[in-house]
Structures are given as structure tokens and as C-alpha cells.
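The values are calculated or read from the model by the stated rules, or taken from the named source; none is laboratory data. Predicted model only: the values in this text are computed from it and were never measured. Virtual Cβ from ideal backbone geometry, glycine too; neighbours counted across all protein chains shown.
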Amino acid sequence: MATIEHSIGILASPAQVWARLTDIEGQPDWMTGIRSLEITSETTRGLRTTFRVVSRGPFGTRVVDDMECTEWIEDQAFAVEHQGSVKGRGTLLLTPIELGTRLGWREEIRMPLGLLGELVFRLLYRRALRRTFKQDLWNLKRLVEEKADTTAQES
């Protein structure tokens, strides 16, 4: 199993970060690899919400990822189980810090094709995926801070 971890400080409250982070239908606004996202459950928020993401994979491949929200602790933790061609768990943790929120993102991924898939991932794709996740966090930070700044100016 491969693990990728990143964290970032965001100049906004955990509640402000949470609102944007858990807007599942809005994830394509900050997650660069998503080609499409479709909610597949009756609910769009909370535990057991399911959705299908089609994203850009290695070498331009199409990766279909069916996910289910398995952890949902308001303003604190959001986790999904990857149930598509890639298996694993993604966890996002929000921690209050002096000037806002520390957002940590951990992905534990089991690649298809067993040992061969793991080897290809480690040799050819892991670095690119780390860069993508890092960029995604910066995109989320920008969106949340812009909204927090606008809200502060309106007060």
C-alpha cells in the first residue's frame, strides 16, 4: 500500500475550511485531476454519501473511483473509502491553529494489478500524484481564504 501525506495552513476557521472541503459536488473546483464527479446516493453530505469520480490517471489513462464517506466529524475530520479500480482510504483532518486551520490530507492507496501495480505506481506515478495533491491543497487554500477575506470585508 502506498501512502501520500500533505498538510497546509489556511487563514480561515475550521468551519470555513469544512464548508468548502465537504462540498463534494464542488471538489472539481480545486481538485485538478477530476474530469467528472457524480453523486450516486440520495444524500450529498454526511456519512454514507457515495459518489463516482472520473479522473486523469497515469499516462493519460481514465481512472474511475467510486467513493463512500466513512467518517464525518463536523469541522474536524472527513474520510472516504476508495472502492473503484483504486482501493484505499483518504482522510482529511482539520486542526485549529493560531491563525486559522491546519488541514492534513493522507491517502492510503492499493493499486490494481497487485505487486506490478505497486511497482509502476512507485516508480512512475507517485511523484506526480504528490505534486497534484499539493497543488490541490493550495487551490483549496486559495478558494477558502478568498471567501474568508470577502466575508471579513463585508462585516
- Query: For the subset of region 47-57 comprising residues that are of a type outside the set (Gly, Ala, Ser) and surrounded by 14 or more Cβ atoms within 10 Å (Cβ to Cβ), which member is farthest from residue 126 (Cα to Cα)?
  - Reply: 49
- Candidate set from region 107-117 (those that are surrounded by fewer than 17 Cβ atoms within 10 Å (Cβ to Cβ) and in contact (Cβ under 8 Å) with a residue 60 or more places away in the chain); member that is nearest to residue 79 (Cα to Cα): 108
- If we scan region 59-72, do we find a residue that is surrounded by 15 or more Cβ atoms within 10 Å (Cβ to Cβ), in a helix (DSSP H, G or I) and under 15 Å from the mean Cα position of the chain (by Cα)? no
- Message: Suppose the filter is at pLDDT 95 or above, among the aliphatic types (A, V, I, L, M) and under 20 Å from residue 138 (Cβ atoms); does residue 93 pass it?
- Response: yes
- Only one residue in 23, 65, 75 is of a type in the set (D, E, K, R) and in contact with a Phe, Trp or Tyr (Cβ under 7 Å, 6 or more places away or on another chain), so which one is that? 75
- Query: From the list 80, 53, which one is in a strand (DSSP E or B), under 12 Å from the mean Cα position of the chain (by Cα) and either of a type in the set (S, T, N, Q) or more than 20 Å from residue 6 (Cα to Cα) (or both)?
  - Reply: 53
- Checked pairs for region 7-32, first more than 19 Å from residue 52 (Cβ to Cβ), second at pLDDT below 95 and exposed (fewer than 14 other Cβ atoms within 10 Å of the Cβ), C-beta under 6 Å and 6 or more apart or across chains, list as 11/99
